[in-house]
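What follows is a single structure, written as structure tokens, with notes after it.
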Amino acid sequence: MTGGAGFIGSHVVDRLLADGHSVEVVDNLATGRRERVPSAARLHVCDLRDVRLDAVVAAVRPEIVVHVAAQAAVSRSVGDPHFDASVNVLGTIALLEACRRAGVRRAVYTSTGGAAYGDTSVLPTPEDHPLRPASPYGVSKVTAERYLECWAGLTGGRGLTLRLANVYGPRQDPAGEAGVIAIFTSRLLAGASCVVNGDGEQTRDYVYVGDVADAVARAVASADATGIANIGTGAETTVNELYRRLARLIGVNRGAEHGPAKPGEQRRSLLDAARARSLLGWRPSTPLDEGLTQTVAWFRKEVRA
Ligand code: NAD
């Protein structure tokens, strides 16, 4: 798999190993960390765009490729769309080409839901909703989905795209833009104030990283599953509500500060995951409060370490 040293990828590696798979990871450690890859999985430190990728895939000859590696920061994609496309589009093409040459027949790709559908009044949003990505990141992720479909058609392979909602949980990096849950949790634990952009009534569909790893594991186990499936909870949570829940869990009485709204920020995002249920038998099993409790526990341990 690719991206196994990152936030989501490392949970996927843990889950696939627990399911008894043999796992090899390709990651250039741009945002990933070597120590997140368990010793039971082999790590190849290699960029997707490196000519060495072909030899790595040819040597491993995997039964299935799980493609998680990406330039995953929306803000970076806006500042440097060329770099974003080079990783997310050209990197994906390089991987698919390496798969074709090595005779790999199956690939699972983690794409994005919210950034692909953009602002819409169709909520929860199903997979066949028109795509209106509003950032270079959204465009590059959706473009890679098309290359996967095209690869499957040309090679007779099978591709499955999982469009993830807003993922949160242990190991999410609170630096940079990351997820609001990681940022609020680390700041609340440090006694720092939290800033909510705008009125805080913007919503997202927050899905726990363990449930995402479960979706990927089910995708790997479902040899016939192809196409696109949303992975989200179908529940909408405002930023204000998230802050209230986290402050209560951490024991902070102070309210959040409000800053200016971010221009162009999406107002609502909510995914319809009915297809994941019928195709993979997947449904989210971690209620928000339980996921937040696990996330806070992990951040507390990190602070002490
Ligand atoms: P992350 O930055 O923690 O993980 C990305 C991993 O890819 C890192 O380990 C990084 O080192 C590796 N990588 C980056 N560029 C690479 C390159 N050129 N060659 C090889 N490896 C490279 O981010 P994440 O949040 O874990 O995201 C994982 C995937 O899930 C991405 O594809 C992202 O688009 C998708 N996704 C994430 C979310 C979310 O809420 N975090 C939501 C929807 C989709």
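We did not get these values from a lab; they are worked out from the coordinates using the rules stated. Worth saying up front: this structure is predicted, and the values here are computed from it rather than measured. Note that each Cβ is placed from the backbone with ideal geometry, even for glycine, and that neighbours are counted across all protein chains shown.
Rounded to 0.05, the FRET efficiency of the LEU29 and CYS150 pair, given R0 = 35 Å and the Cβ-Cβ distance, is 0.75. Label reach from GLU302 (point 7 Å along Cα→C-beta): in segment 61-88, amide nitrogens under 18 Å belong to 72-74.
Projecting label points 7 angstrom from Cα along Cα→Cβ for ALA59 and LEU123 puts them 4.9 nm apart.
Helix 7-18 axis versus longest C-alpha principal axis of the chain: approximately 60°, rounded to the nearest ten.
Among LEU189, LEU95, a tally of other beta-carbon atoms within 10 Å of each Cβ gives an order, fewest to most, of LEU189, LEU95.
Calculated mean residue ellipticity, 222 nm, the chain: -12500 deg cm²/dmol, from DSSP H runs (n ≥ 4) at -39500 (n - 2.57) each, averaged per residue and rounded to 500. Residues whose amide H falls under 5 Å from that of LEU271, counting only those 5 or more places apart or on a different chain, are THR125, THR233, GLY234, with hydrogens built in the peptide plane. Per the Debye calculation on segment 7-304 with a single equal scatterer at every Cα and no solvent contribution, log₁₀ I(q)/I(0) for q = 0.11, 0.12 Å⁻¹ amounts to -0.65, -0.78.
For ARG52 and LEU131, the FRET efficiency from 1/(1 + (r/R0)^6), where r spans their Cβ atoms and R0 equals 35 Å, is about 0.60.
Taking the chain as the reference, fit the longest principal axis to its C-alpha atoms, fit the long axis of helix 288-304 to the helix C-alpha atoms, and give the angle between the two in degrees, 0 to 90, nearest 10. That works out to roughly 90 degrees. Among ASP224, ASP19, ASP47, the order by Cβ neighbours within 10 angstrom, fewest to most, reads ASP224, ASP19, ASP47.
Distances between placed amide hydrogens fall under 5 Å for VAL66 paired with THR2, VAL108, all partners being 5 or more residues away or on another chain. Angle of helix 136-155 to the longest C-alpha principal axis of the chain, folded into 0 to 90 degrees and rounded to 10: 30°. Derived scalar couplings between HN and Hα for segment 257-265 equal 8, 10, x, x, 5, 7, x, x, 5 Hz in order, rounded to whole Hz, by the Karplus curve 6.51 cos²θ - 1.76 cosθ + 1.60 (θ = phi - 60°), x for Gly and Pro. For the pair GLU201 and ASP80, the difference between a 0.36 nm per residue extended length and the Cα-Cα distance amounts to 40.6 nm. Taking the number of Cβ atoms within 10 Å of each Cβ as an exposure proxy, the fewest-first ranking of LEU164, LEU16, LEU288, LEU90 is LEU90, LEU288, LEU16, LEU164. In terms of the Cα gyration tensor, with a ≥ b ≥ c the square roots of its eigenvalues, is segment 1-133 rounded because a/c is under 1.5, prolate because a/b exceeds b/c, or oblate? Here segment 1-133 falls in the prolate category. Of GLY291, GLY264, GLY118, which has the largest mean-square fluctuation in a 10 Å C-alpha GNM of the chain? Greatest mean-square fluctuation among the candidates belongs to GLY264.
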